[in-house]
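The numbers here are math on the coordinates, done by the rules we state, and not lab data. No experiment lies behind these values; they were computed from the predicted model shown. So basically every Cβ, Gly included, is an ideal-geometry build from the backbone, and we count neighbours across all protein chains shown.
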Amino acid sequence: MKELKTLLKNTIETTLKTEPLDLPTLVSILLVENDEILRINSEFRDKDSVTDVLSFPMLSMKNGSFIEQPGTMDMDNGRVFLGDIVISVPKAIEQAKTYGHEPYRELAFLAAHGLLHLLGYDHIQQDEEIIMIDRQKQIMSDMGL
């Protein structure tokens with residue numbers, strides 16, 4: 001468990017190192033089973049399917065920059081709360097097998113992917129997807145994964 005916490009913490013720190021944020025930040029990561037991510041996906045996104053990762057941003061951002069500067073209400077002990085990331089551990093394990101790599105690598109990837117969503121990156125349009133994929137590749141490379 002300690003190794004997983006260290007992996008996720010390193011992933012968040014590595015992701016944030018290359019972002020233009022000049023404030024200390026806080027991120028919540030919740031690791032869940034498939035039935036829980038299904039419930040959350042259904043309740044908050046009206047999608048009745050199991051997914052690998054969900055992100056719930058607290059601030060308006062676009063590609064790592066604030067659209068609106070955070071205020072005092074966005075602070076928690078002097079840190080800006082970026083939002084919540086929910087990861088399905090069984091889905092991560094399944095995808096790791098599919099892609100032929102270790103589950104810890106997939107969990108790191110999903111944490112980075114989730115954080116990029118909190119930072120305002122997206123992959124709906126092709127030009128945005130290219131930016132997000134490049135960021136993800138760089139993060140995994142920086143982590144030696």
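Figures for the structure shown
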read-out: Other-chain or far-sequence residues with amide H under 5 Å of T25's (modelled H); value: V80
read-out: Environment charge of I131, counting only residues whose C-beta is closer than 12 Å and scoring Lys/Arg +1, Asp/Glu -1; value: -2
read-out: Karplus-derived 3J(HN,Hα), 6.51/-1.76/1.60, for each residue of the range 52-62, Hz, glycine and proline x; value: 7, 8, 10, 10, 10, x, 9, 10, 8, 9, 9
read-out: Other-chain or far-sequence residues with amide H under 5 Å of V32's (modelled H); value: I87, S88, V89
read-out: Nearest 10 degrees, 0 to 90: helix 89-99 Cα axis against the chain principal axis; value: 70 degrees
read-out: Most fluctuating residue given options Q125, Q95, Q69, as computed from a GNM of the chain linking Cα atoms under 10 Å; value: Q125
read-out: Using alpha-carbon coordinates, inclination of helix 126-142 to the longest axis of the chain, degrees; value: 80 degrees
read-out: Gap separating the Cα centres of the range 74-145 and the range 10-66, nearest whole Å; value: 8 Å
read-out: From the coordinates shown, log10 I(q)/I(0) by the Debye sum over Cα atoms at q = 0.10, 0.13, 0.22 Å⁻¹ corresponds to which of [x] -0.33, -0.57, -1.55; [y] -0.34, -0.54, -1.22; [z] -0.53, -0.80, -1.37; value: [x]
read-out: Cα long-axis angle, helix 103-118 against the chain (0 to 90 degrees, to the nearest 10); value: 30 degrees
read-out: Most positive-pole-ward Cα, F109, F81, I40, against dipole of the range 2-142 from beta carbon charges; value: F109
read-out: The chain - percent relative contact order, Cα under 8 Å, separation 6 or more; value: 30 percent
read-out: Protection proxy ranking, peptides 42-48, 19-25, average beta carbon neighbours within 10 Å, highest first; value: 19-25, 42-48
